[in-house]
Every structure is written in structure tokens, then in C-alpha cells.
1. Ignoring everything except DSSP H segments at least 4 long, calculate the 222 nm mean residue ellipticity for the chain; use -39,500 (n - 2.57) per segment, divide by total residues, nearest 500.
2. Which of rounded, prolate, oblate describes the range 203-351, given a ≥ b ≥ c as roots of the alpha-carbon gyration tensor eigenvalues and a/c under 1.5 marking rounded, otherwise prolate only if a/b is larger than b/c?
3. Which residue, chosen from P537, G346, G190, occupies the Cα position most advanced towards the positive end of the dipole of the chain, where the dipole is computed from +1 (Lys, Arg) and -1 (Asp, Glu) charges on Cβ about the Cα centre?
4. Near the amide H of F27, under 5 Å away, which other amide H atoms are found, from residues 5 or more places off or on another chain, if H is placed in the peptide plane?
5. Hey, if we sort Y310, Y468 by accessible area with the 1.4 Å probe, largest down, what's the order?
6. How large is ³J(HN,Hα), in whole Hz, for each residue of the range 15-29 in order, when computed from phi with the Karplus curve 6.51 cos²θ - 1.76 cosθ + 1.60 and θ = phi - 60°, using x for Gly and Pro?
7. Select from the range 360-393 those GluC sites (Glu not before Pro) which occupy a DSSP coil region and have at most 15 other Cβ atoms within 10 Å, ordered by residue number.
8. Can you list residues from other chains, or at least 5 along the same chain, whose modelled amide H is less than 5 Å from the amide H of V534?
Amino acid sequence: MPSTPQSSRFVTGIGINTGKIAGRLHFFHSEQPPKPAKVHRHPREERCRLELALRETASRLKLLRERTLAELSEELAEIFEIHAMVLEDEDFTEALFEALTANTTAEDAVISATDRFAARFRSMDDPYLSARANDIADLREQLLEQLAGAEKPAVAEPQESYILVAPDLTPSQTVTLDKSRILGFVTFGGTPSSHTAILARAMGIPALVGVGELPASMDGCFALLDAAEGRLTLSPDAETLRAFEQSRREENELAREHDRYLRSLINKPAVTRSGHRMLIYANVGDSGEAAAACAGGADGVGLLRTELLYLTMDHAPTEEELYVSYRKTVEAMNGKRIVFRTLDAGADKQIPYLNLPREENPALGFRAVRLCLAREELFKEQLRAILRASAYGTVSLMIPMIVSVEEVRNCRRLLEECKAELQKEGKAFDNGMEFGIMIETPAAAVMCRELAEEVNFFSIGTNDLTQYTLAADRQNPYLASLCERNREPVLRLIEESARAIHGRGGWIGICGEMAADLRLTQRFADMRIDELSVSVPYLLGVREKVIECK
């Protein structure tokens, strides 16, 4: 149990990030939509109100996702995709309409149905599924907001910087807060995988979750937050404050020195002490991130997530729309290599206008290359746009979710068709553009020698490769320790893939989370991995680690 402020003047919790900050606590109070007056409408009218609220909430979720993707992180943005999927779930919508009886309002139906759904999740033993009750609660508030017919009033925030304190924060609350004045977060509940923790990591600020409830009388209290120690000191005395400030100054100076050193590495090749060169690439979603990657010292882009354009539009983008976006991204790289991952839709990336089938197990279903080969015209639009963009820089193409040689050959067939069409139309492209595949499935890893004969390079998607190898849902934090303890099978598949592609004179990169895990960098250097592709904030840290490797 966390300590109480009365007994020791500090509380403890789970620290997110590191760092020390001092400031006044501000208790966040969620503003509830106004309680509607009981109006006796015809049941058909109530149904229309509910249908409209569902549509408006879906539109708002799309806007929140786009804003989050632009301002914060893909990880946090994915939460709004999950919310949108819940809104489209037949069980959820049926429960809403079934609750809409002759004597109830649309508001009554929303509250009744979402309370039942939230209670069902909350009762589950699995922590990940149990935490989904908070997502249902967030959706309930958004639906009630739409039914109220007005935006929720802005939450009053202090004019000065502050430490935000809350029971927990819903995703929609985190996005709408003015984050420029938030020094750190403290939540009564939550876990390292909660939305607040994800937000803190995206913002790079310290946070403390799971501290237990703080009395409202602490609102405005001056406090010291030490994320590394997992401690919040309340109303510190002069001696405690002096020691804290001295420690913070020392830590900040060390951090500044290290930052200066990292910046000195921006244009330095990442070469191990034994002489092995590793390219440090970036994972990006658009031209803005590509430009940031260049400025941050990326040697290139190892993963361009092309599905982001599809996710942010309300229609399938045309070849011309894709080409304009891709050309802009290629030009932002100033000649450095950029690897386009072809459309990876399906599973956790549902795109409404594609009308994908509802599946019991979407992660193992109709997604990525399977979708593209089934809808050749959609795929060829993208291939033609990538080929045309290749005339303006160094472009490589890679196909996700491969399991067989046949899939690779079918993709190549379509690529050659696109080349022939463009050549006939007199449109420029790089005929020598490298062609590669992602090793994300055990099937691809087992078949790596045969696949290496078909392609120029492999890129290892360690997130999915881990998920499928260990039969462990990578979105489930309950299984995080299982994935952490059982990396060896995945590493052996990577090593075998490296041998296979090197034996054919190709190159191999890693673009999943393992690429940024500094505990594995030496192992990857020993495998002679050619390239590591990571999120922009990790570029220099990984470069530093490679230089330190044997």
C-alpha cells in the first residue's frame, strides 16, 4: 500500500520515465455533460438521436486520432482506433439499441449498455482486458456529450506550470489538455501500460501511477516528483527541497553533457570496435517525420508506414494522391534510402471504406499482403505511386506478412506489370529499385533460404515475429513478461534469416521494438545485422550503443 501523506509526507507509486520535477499539484476534475431533462420523445426519434451520436462520435474519434498522431505518438493514436472498432462492433451497437425501450431515452440506453459492458470487462482476471473498462467509460462520456448537443466545457487549468493529479485519464482527456504547462502526471490508479503512462512516455515527462487516492485537500500543494525513485514528496521542508534541487541540478548537468555528446554523433558512422558498420535508420509515417529523422541523424528510413495515409482519409487515396505524398517524403530524405512498407491494413488497422470482413482473429486474418493480393487494383495504385516517387530519391520496397515464395512472386508480377504500364505512359521511375520482404512470421523465417533467392533484402518485424512465434498477443501487457523472458527463439530466427540473406549477397535490417533495445545491440552486431530502424527519439542512443559494441 502507498504511504499516506499524514504519516510520512510522501507517497509511492510506479515511476514512468526518469527525472525530477517540482511544482504545485492540480487535481483534474472531469466535467460531466449536462444531465438531460426527461423529454418524452417517440422511440423512433430516440433511435435517430442515438444513431446520430454514434456517427458524430466516430467522426470525432478520427479527428482525435489524427491530432494524436501529429502531436504525440502512434501508440497513443492507436487507442482511438480501438475505440472506433468498439463503436463498429455489432455486439456493442446491438446492446445500445436493445437498451432503448419505449420508456427510455437515448442517454438512458447509453448509460445502461456501457455500464454492463464496462462491468463485464472489469470482472475479467486478465489485467489488459480489465483495463478496457476505462475505454468503455470514455466512449460513454463521448456519446453522452454528442447527445447533449454541445461540446464539453473546457476544463479550467492553472496559468502556471503544474503537476496534474487524477484518478486516471481517459484518452480523449489526455489529447484535449494543454500539455505545454504539464510538468508531470500523478494518477491514483493505472499501470505502466495505462493511457496516462503512454502519454507521459510520448511527452517525455516524469509520471507516477498507482499511488492510491490523495485527499482533495492536497490540491495546490507544492510537491517533488522523482520518477526514478517512484516517489512524490508533499509539502517538503527546506532541507528536503535543498537536497532535491541539488540532486536535480547534478542530474540535469549530466543529462546536458550526454546530450551534447549524442549530438556530436549525428554525422558519425555507427561502426563497432571490430569494424562492422550498422546503418541507423528511422521508422516514420510521413514527410514531416522524415525531415525530423534527417535532422536527427538518421542514415535513412527503414520503415515508412504507408497505411497512415489510408487511415486518415475517408476514401481510398488515388494514385495521384499517393504519389504527391510519397514524392514529398522521398525528397525530404535528401537522397538517403527510404524503405516503403506496402499497405499493412487489417488486424489493428481497420479502414472503414475497405469493408474488410469481421474476423474472430484479425491478427491472423485478412491483412497486409493477403488483402493486397486479393484486391490487385488497390495494390497496383500504391505500387505505381511508389515507383513514380522512386524517380526522386533512393527508394526500396518491402512487403509485409509474407509466408510463402508464391506470395513474393505474385507481388513481383504485379510490380513488373506496373513498371511496364509506367514505361508505356512515359512516366519516370527507378527500374533498379530494391525489392524486399518483412520477416514477421515463423513461416517466413523457416523459409528464409528460399525467400532470400527472390529478394534483395529482409527487414525483421520483431513485434509480429515475437507475437506469432510465442503465440502471445503483443497488445496484451499481461503477457509482456512472457515475451521478455522468451526472446531466444525469436533471436535464433533472426540469426538464421541473416545467414540466409547474407549468403545471397543481400542485406538485413530490424525495424521492430527490439531494434531500440540496447541490451540486444551487441547480439545484433554479432549477427552482422546491416541496419537498425527505430523511432526518431532513439536514433542517437542506438548509434552510441553500436559504437560501443565489440
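1. It comes out at -15000 deg cm²/dmol, rounded to the nearest 500.
2. oblate
3. P537
4. V165, G220
5. Y468, Y310
6. x, 10, 6, 10, x, 10, 9, 10, x, 8, 6, 10, 7, 7, 10
7. For GluC sites (Glu not before Pro) across the range 360-393 that sit outside H, G, I, E and B with at most 15 neighbouring Cβ atoms in 10 Å, the list reads E360.
8. Sorted by chain and number, the residues that satisfy this are Y281, A282, N283.
The values are calculated or read from the model by the stated rules, or taken from the named source; none is laboratory data. Keep in mind it's a predicted model, so treat the numbers as computed, not measured. Reconstructed Cβ throughout: ideal geometry from the backbone, glycine too, with neighbour counts over all protein chains shown. SASA here: full protein model, heavy atoms, side chains in, ligands and nucleic acids out. Shrake-Rupley method; radii C 1.70, N 1.55, O 1.52, S 1.80 Å.
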